[in-house]
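Take a look at the structure set out below.
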Amino acid sequence: MLTCQHGAGSRRIERAADVTSVLNGSEHLRTGEFYVVFADNVDPTHTALSTLVTATPSVIPAVLAALFDASAASSHGVIVCTGEGPVQRMVGLVEKPDRDETVRLEAECGIANLRLLQGRMRVTPRLLRYLSAVAQSTTTSEPKFSLALALYARSHRVDVVTSTQPLTDFGVPSPTRALVPGR
């Protein structure tokens with residue numbers, strides 16, 4: 001599920017992490033800052049969004065990311081970054097890489113330049129215009145938001161804010177919980 005937040009309020013939009021959901025959400029929240037929050041990533045500390053809000057200028061698209069963990073890479077977007085410190089720049093993204101791709105990313109980019117996408121993103125008007133153009137030019141399937149953002153980052157600044165606070169991702173099967181058939 002995707003929730004779009006504006007200030008203190010939030011609104012349920014759709015059950016997909018796609019470009020259309022983001023564009024539909026932006027239609028309802030036309031003023032102020034616009035954040036995309038994936039509802040299956042729960043923040044028990046209640047600090048993730050405020051960290052993202054304060055870490056970088058509001059005119060720059062930004063994503064919240066965790067330190068790289070190869071064992072979790074297959075269930076997350078792996079962000080390739082440049083720069084140093086808690087705020088870096090996105091230069092690429094690989095969506096849920098398999099083990100071989102994860103090993104290749106580690107070797108080519110170095111662990112210090114890899115982060116895991118955490119489901120919190122700041123969207124700017126310029127990025128929304130780009131997403132709209134992507135949605136209009138795609139004829140086969142719905143563009144995935146994270147991949148469209150990665151394409152945008154090839155020619156525009158997208159900040160990556162590293163957070164060390166834990167987020168619980170309900171979209172990832174728990175090794176301690178048996179899956180329930182039919183769900």
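Details
- Highest mean packing first, where packing is the average number of other Cβ atoms within 10 Å per residue, the peptides 112-124, 53-65 line up as 112-124, 53-65.
- Modelled FRET efficiency - R0 35 Å, D100 with T164, Cβ distances, 0.05 increments: 0.80
- Distance cut-off 14 Å, percentage of C-alpha pairs in the stretch 51-101 lying past it: 55
- Residue by residue, the stretch 63-69 carries 3J(HN,Hα) couplings of 10, 8, 9, 9, 4, 5, 9 Hz when phi is fed to the Karplus relation 6.51 cos²θ - 1.76 cosθ + 1.60 (θ = phi - 60°); x denotes Gly or Pro.
- Taking only alpha carbon atoms, the stretch 69-137 gives an Rg to Rh ratio of 1.03, where Rh is the Kirkwood radius.
- Ranking by accessible area, most exposed first, for D100, D18, D159, D69 with a 1.4 Å probe: D100, D69, D18, D159
The values are calculated or read from the model by the stated rules, or taken from the named source; none is laboratory data. These numbers come from a predicted model, not from an experiment. Virtual Cβ from ideal backbone geometry, glycine too; neighbours counted across all protein chains shown. Ligands, DNA and RNA are excluded from the accessible area calculation, which covers all protein heavy atoms including side chains. Shrake-Rupley method; radii C 1.70, N 1.55, O 1.52, S 1.80 Å.
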